[in-house]
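Working notes for the structure below.
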Amino acid sequence: MRVGIDYRPVVAAPYSGIARQVLALEQALIDGGAEVFRFSPAPADHPLRQRLLCPDEPSPAEGLHRPRERLKFEWAFLPKAVEAQCLDLYVATANTGLPVKRVAGTRYALLLHDVFQLTMQNYHASRVRALVYRWIDRVGIAHSVRLADVIWSPSAFTAGEVARLFPKQARRISVLPNAVPASANAADALPDGVPDRYWLVVGTREPRKNIPWFIENWRLARSSDAVIPELVLVGHPQDIPADQRNLPGLMVISGLSDSQLGALYAHADRLWQPSLAEGFGLPVVEALGHGTLVAVATGSALDEVAPPSAPRFSPLDGEALQIMMRGLAGDAPRDTDSARQWAARYAMPEYTRRVWALVDDLINANH
């Protein structure tokens with residue numbers, strides 16, 4: 001089987017969650033015997049360029065998802081390039097990005113990670129930019145949803161949101177939980193300055209992450225109970241209000257390697273995920289894979305990816321969260337085996353099985 005995948009997330013942001021899913025999909029397809037073709041624009045000197053099917057004209061890596069670059073790739077280059085490779089399947093990997101038109105003999109799959117670009121406020125540098133990108137996202141996602149033979153979403157929550165927004169395509173939607181490869185032993189030392197005992201939050205950029213609200217309730221709980229651990233945020237300081245950046249006991253850290261992040265997961269007392277909404281919740285499964293306890297907000301895919309025993313809280317009720325924090329602040333036994341067993345359901349062997357079950361269903365449905 002000849003399968004093409006949109007490799008732009010790997011070229012543009014190789015350490016992002018979406019890029020890691022593209023790499024996992026690539027490996028799953030190869031492990032199942034597919035011949036994989038990678039499509040993406042790239043800068044002239046990009047180390048991956050020789051492995052890609054890409055336009056002759058170089059493109060800046062940081063701008064691959066800008067409207068002008070998208071039009072050149074998806075409209076001018078991709079249809080002919082897909083047709084030339086005689087692909088059995090082409091997979092758009094980043095919520096949108098299928099070729100502008102149908103290529104005869106090639107089936108289309110769309111990885112739709114979430115639809116928060118359409119349902120919630122995302123981070124943009126200005127209001128005008130936010131309005132423009134919201135319109136572009138709406139048009140691009142709607143086009144790809146209509147064109148796709150199948151739509152793969154990482155959770156039942158996301159699948160339900162897609163079906164609500166695009167009811168005519170509901171029958172094409174299937175759940176493909178994200179891959180979270182089994183963690184290696186965290187041999188790296190913790191980054192400088194990390195306290196001996198801490199709670200951990202990973203991801204700060206988007207408003208839906210609910211970080212300022214969480215920090216304020218952590219501050220209030222800690223002001224009345226000194227046993228509550230210090231807090232480490234993995235993200236950028238500019239993503240949180242200026243008056244929160246220098247709070248006592250708060251550390252904001254970025255630029256970590258995968259092994260450093262793994263060490264942070266492994267040594268944390270607990271990972272907290274306070275998001276108003278998540279399409280999957282990758283940090284939750286990553287933390288569990290290191291045997292670390294988690295506590296998650298209710299109301300989205302976090303309800304699915306966290307084990308039933310994990311504490312849950314409303315992402316809107318600050319007083320209740322403070323009470324929970326005080327109750328969880330003491331030393332707790334680490335049920336490492338149970339956490340790792342839960343995380344194993346998202347490891348590569350199970351992910352590969354799911355991918356090929358969906359591919360087989362698609363191929364058989366068209367014979």
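Which value, in debye to the nearest 20, gives the size of the charge dipole of the chain about its Cα centre, when Lys and Arg are +1 and Asp and Glu are -1 at the Cβ?
Details: 38 positive and 39 negative charges, 262 e Å.
It comes to approximately 1260 debye.
Along the principal axes of its C-alpha atoms, what lengths does region 234-356 span, in descending order and rounded to whole Å?
Principal-axis extents of the Cα atoms in region 234-356, largest first: 49, 32, 28 Å.
Report Rg(Cα)/(2.2 N^0.38 Å) for region 165-250, keeping two decimals. Could the numbers behind the result be given before it?
Numbers: Rg = 18.2 Å, N = 86, 2.2 N^0.38 = 12.0 Å.
Expressed relative to 2.2 N^0.38 Å, the Cα Rg reads 1.52.
For the chain, set up a GNM with springs between Cα atoms under 10 Å and report which of Asn246, Asn95, Asn210 has the largest fluctuation.
Looking only at Asn246, Asn95, Asn210, the biggest GNM fluctuation is shown by Asn246.
When the scattering of the chain is computed by the Debye formula from its Cα atoms alone, each counted once and equally, what is log10 I(q)/I(0) at q = 0.09 Å⁻¹?
Log10 I(q)/I(0), no solvent term: -0.53.
Ranked highest first by average number of other Cβ atoms within 10 Å, how do 83-94, 41-52, 268-279, 349-360 line up?
Numbers: 83-94: 20.2, 41-52: 15.0, 268-279: 23.3, 349-360: 16.7.
The densest-packed peptide leads the list: 268-279, 83-94, 349-360, 41-52.
Per residue, what accessible area does region 1-41 have, given a 1.4 Å probe and all protein chains present, in Å²? Let's see the in-between values first.
Numbers: 1360 Å² over 41 residues.
That works out to 33 Å² for each residue.
Under a 5 Å amide H to amide H cut-off, with H placed in plane at 1.01 Å, what residues pair with Phe313 once short-range neighbours are removed?
Result for Phe313 returns Val296, Ala297, Thr298.
Taking only Cα atoms, what is the 0 to 90° angle, nearest 10, from helix 318-328's long axis to the longest principal axis of the chain?
With both axes taken from Cα atoms, the answer is about 70 degrees.
Once both axes come from the Cα atoms, what is the angle between helix 211-224 and the longest principal axis of the chain, in degrees from 0 to 90, rounded to 10?
That works out to roughly 10 degrees.
Residue by residue through region 346-356, what is 3J(HN,Hα) from phi via Karplus (6.51 cos²θ - 1.76 cosθ + 1.60, θ = phi - 60°)? Round to whole Hz and write x for glycine and proline.
The phi angles translate into 10, 6, 4, x, 5, 4, 4, 4, 5, 4, 6 Hz.
So what are the three principal axis dimensions of region 259-324 from its Cα atoms, in whole Å, longest to shortest?
For region 259-324, the Cα extents along the three principal axes come out at 34, 25, 20 Å.
So, with a 1.4 angstrom probe, what is the percent of accessible area on region 246-337 that is carbon and sulfur? Kindly include the intermediate steps, with their values, before the conclusion.
Numbers: 1870 of 3490 Å².
Whole-percent figure for carbon plus sulfur exposure: 54.
List the lysines whose alpha-carbon lies under 23 Å from that of Lys101, not counting same-chain residues fewer than 8 positions away?
Excluding near neighbours in sequence, the set is Lys72, Lys80, Lys168.
Using only the C-alpha atoms of region 73-120, find the volume of their convex hull and express it per residue in Å³.
Working: hull volume 3.5 nm³, N = 48.
Expressed per residue, the convex hull around the Cα atoms of region 73-120 is 73 Å³.
With runs of 4+ DSSP H residues as the only contributors, calculate the mean residue ellipticity of the chain at 222 nm using -39,500 (n - 2.57) per run, divided by the residue total and rounded to the nearest 500. It would help to have the intermediate numbers written out before the result.
Values: 14 runs with 141 residues, N = 367.
It comes out at -11500 deg cm²/dmol, rounded to the nearest 500.
Using the basic label-point model (7 angstrom from Cα toward the beta carbon), what is the Leu316 to Leu71 distance in nanometres?
Distance between the two pseudo-spin positions: 4.0 nm.
The values are calculated or read from the model by the stated rules, or taken from the named source; none is laboratory data. Since the structure is predicted, the reported quantities are computational estimates derived from the model, not experimental observations. Glycine gets a Cβ as well: all are built from the backbone with ideal geometry, and neighbour counts include every protein chain shown. Side chains included, ligands, DNA and RNA excluded: accessible areas come from the protein's heavy atoms. Shrake-Rupley method; radii C 1.70, N 1.55, O 1.52, S 1.80 Å.
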